[in-house]
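Any read-out appearing in this document is the output of simple, stated calculations on the displayed coordinates, not a laboratory observation. Predicted model, so just to flag it, every value in this text is computed and none were measured. As a convention, Cβ positions derive from the backbone with ideal geometry for all residues, glycine included, and neighbour counts pool all protein chains shown.
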Amino acid sequence: QVQLVESGGGLVQAGGSLRLSCAASGIIFSRYAMGWYRQALGEQRELVARITSGSRTNYADSVKGRFTISRDNAKNTVYLQMNSLKPEDTAVYYCSAVFTGAYWGQGTQVTVSS
């Protein structure tokens, strides 16, 4: 059974930082492209950052220079370091894993107050 479990969300003031983690089980983690998506209230889910099995990364324009995605294959975990947070970063953040199938975590709430 595949599980993706996010953690690290919370309430932070604008300008602050958070680090999200996503622990995966039930998959050969190193083979999967991992991603972070977010969905704000009333909005569509959007890609935030993605990291391939070879650790190539890409980011949404809105987070470039502020967010960093990384992975630790030994720990089956992907991270999202979020710095200089803005109120518009407020959303539920979801972890995804894509290879032979596509899997999603349950999401973690990030709220940035002004």
Q) Residues in the range 91-101: is at least one under 15 Å from the mean Cα position of the chain (by Cα), surrounded by 13 or more Cβ atoms within 10 Å (Cβ to Cβ) and free of Cβ contacts under 8 Å to residues at least 40 places away in the same chain? A) no
Q: Provide a single number: the residues in the range 30-58 that are out of contact with any strand residue (DSSP E or B) (no Cβ under 8 Å at 6 or more places or on another chain) and more than 18 Å from VAL92 (Cβ to Cβ).
A: 4
Q. Since THR52 meets every condition but one in (1) closer than 13 Å to SER96 by Cβ; (2) in contact (Cβ under 8 Å) with a residue 24 or more places away in the chain, which condition does it not meet?
A. (2)
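Restricting the range 53-90 to residues that are small (Gly, Ala, Ser) and loosely packed, with under 12 Cβ neighbours inside 10 Å, which is nearest to SER114 (Cα to Cα)?
Our first condition is that a residue be small (Gly, Ala, Ser); within the range 53-90, this holds for 53-55, 60, 62, 65, 70, 74, 84.
Still in the running and loosely packed, with under 12 Cβ neighbours inside 10 Å: 54-55, 65, 74.
Working: GLY54: 37, SER55: 34, GLY65: 20, ALA74: 37 Å.
If we take residues in the range 53-90 being small (Gly, Ala, Ser) and loosely packed, with under 12 Cβ neighbours inside 10 Å, then GLY65 is nearest to SER114 (Cα to Cα).
Would you point out which residue out of LEU18, LEU47 is touching a residue at least 24 places away in the same chain (Cβ under 8 Å) and either aliphatic (A, V, I, L, M) or closer than 19 Å to SER113 by Cβ (or both)? Break it down stepwise before answering.
Numbers: LEU47 fails: touching a residue at least 24 places away in the same chain (Cβ under 8 Å).
Among LEU18, LEU47, only LEU18 is touching a residue at least 24 places away in the same chain (Cβ under 8 Å) and either aliphatic (A, V, I, L, M) or closer than 19 Å to SER113 by Cβ (or both).
Here are LEU80, LEU47: which of them is more than 20 Å from VAL12 (Cβ to Cβ) and within 10 Å of the chain's Cα centre (by Cα)? It would help to see each step written out before you state the result.
Working: LEU80 fails: more than 20 Å from VAL12 (Cβ to Cβ).
Being more than 20 Å from VAL12 (Cβ to Cβ) and within 10 Å of the chain's Cα centre (by Cα) holds for just one of LEU80, LEU47, which is LEU47.
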